[in-house]
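J.: Mind looking over this structure? Questions follow.
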Amino acid sequence: MTPNLKTLITAINSLEERQNLGTLAKSNYTSIMQLERDFYNVTGYSVNEYTRRFRLSNALCLIKSTDKLLADIAYTCGFSSQQALCREIKTILGTTATEYKESSDYYFLSSLNDVIPYQVEVSKVSIPATICLRFFSHVRRGIENKAISLFLDHNPNCNKRIFGRNGKQQGNILCYELYVEETNNLNTDGFELGGKHPGYDDIFAQTRVKNIEAEINSAWDYLYSTWLPVSMFDYKGQQVMGFESKYFEEYYCNNTRSQRLKLYLPITRKKELMRISIEKIPLLYFLVSSNSGYNAEKKASRVVLEYLSENYPYIIKNSKEFFFQQKEDCITCGVKINTDLNKDGALHMIKYVNQSFAVLCLNGIGMYKHSAEILIDWITKNNFKASGEPFAIYDTAKSYENPQMKLYCPIENC
């Protein structure tokens, strides 16, 4: 991320005036237009839009957590008048300032992080008509490069666009799908034909990475779990299921190798700010296990599931909500249950009785650490006090493939 963008984000986060744009552009030998374009690409916001939303978020915090007059809040947060603040609340939330103060909902825009490892571009892209080729393997590691290498070995002179994404697993056999721009005389030996798909246009968040598995995974984590939650967009696949709504990768090929990839995340405009609620819950029980180091999450989950399968199989059969918490390198996983249980030494119970929580609802699964930081930031800005560590509940009631995530942080009872 360029120094001018870091400075700009700092300026906007501290509610400094727009005149910083001209100063920053001049001092970094660029134009205001280029600066705004760079800002949009790395954040998903225009400068004006982010400034408006960030000021509104700060004003909403003060409306909920203080008894200040609306006029004072408006001027404190950079609005020209009380009327301007009220218009913005009506436009964004569809309610009045008074109704918002009395409601149980909270809306929030997290501060942008100036540590941005990947350049993100948001634009409309034309995806050509493609032919799907399915590649199967018993091994997950490197399945993508095995598929693309096999295809390029058989089609060394192919100059068409090639896309890829994970396919549907068949038993213990894993699947990776290549989508090759429609053409004649393809050699498809070693692949199963998966049909043809028409071309289409859509809006994508995109970033380019080297074809290194660790970097690809890191870029996807950043794009989906860090960039997306604080941008102006949602993942389109959460709302529209289908071939066109899924994320995928495009290969940049040289003879029989692919050295770089472009990641595509289909997105749609958010309808509202992030919503956080305060909930008082009479009773919460979780049976959990903790582990550290390599495969900690998998090991902790296995302990819980094996114990319940042997002693309380009906709980496993009916379980829809699962616990997750991370403290440094220690992972705690578990299952929400309805009563206290006898347990062995590898397990323990987490109990909450008549506890108030700040609850962040995410549309799909977000990155735990980043989401926890957002929730703690909100708690601090709204003058609440955390009384425990955040944790996540993954709700699979609607779908095991696309569980919904709620992040909870216990706060002092209110």
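J.: Apply the Kirkwood formula to the stretch 170-252: the hydrodynamic radius equals the inverse of the mean of 1/r over all pairs of different alpha-carbon atoms; give it in Å with one decimal.
T.: Over the stretch 170-252, the inverse of the mean reciprocal pair distance is 15.6 Å.
J.: Please list 3J(HN,Hα) in residue order for the stretch 307-313, calculated via the Karplus relation 6.51 cos²θ - 1.76 cosθ + 1.60 where θ = phi - 60°; whole Hz, with x for glycine and proline.
T.: My calculation for the stretch 307-313 gives 5, 5, 4, 7, 10, 9, x Hz in order.
J.: Right, here's the next one. Which of the listed residues, N211, L174, T130, is farthest toward the dipole's positive end in the stretch 121-269, when Lys, Arg count +1 and Asp, Glu count -1 at the beta-carbon?
T.: Projecting each Cα onto the dipole axis, the largest value belongs to N211.
J.: Whole angstrom only: what separates the Cα centroid of the stretch 142-184 from the Cα centroid of the stretch 191-266?
T.: One Cα centre to the other: 14 Å.
J.: Still on this structure, please answer the following. Using only the Cα atoms of the stretch 141-212, build the gyration tensor, take square roots of its eigenvalues as a ≥ b ≥ c, and label the shape rounded, prolate or oblate: rounded if a/c is under 1.5, else prolate if a/b is larger than b/c, else oblate.
T.: Rounded, since a/c falls under 1.5.
J.: Follow-up question, since we're still on this one. Taking a ≥ b ≥ c as the square roots of the eigenvalues of the Cα gyration tensor of the stretch 121-269, is the shape rounded (a/c under 1.5), prolate (a/b larger than b/c) or oblate?
T.: In terms of gyration-tensor shape, prolate.
J.: Can you put W227, W378 in order, fewest other beta carbons within 10 Å first?
T.: Going from least to most buried by this count: W378, W227.
J.: Based on Cβ point charges of +1 for Lys and Arg and -1 for Asp and Glu, what charge dipole magnitude is obtained for the stretch 274-411 about its Cα centre, in debye rounded to the nearest 20?
T.: 280 debye
Where a number appears in this text, it was derived from the coordinates with a stated rule and is not lab data. Note that this is a predicted model, so its numbers are computed, not measured. Virtual Cβ from ideal backbone geometry, glycine too; neighbours counted across all protein chains shown.
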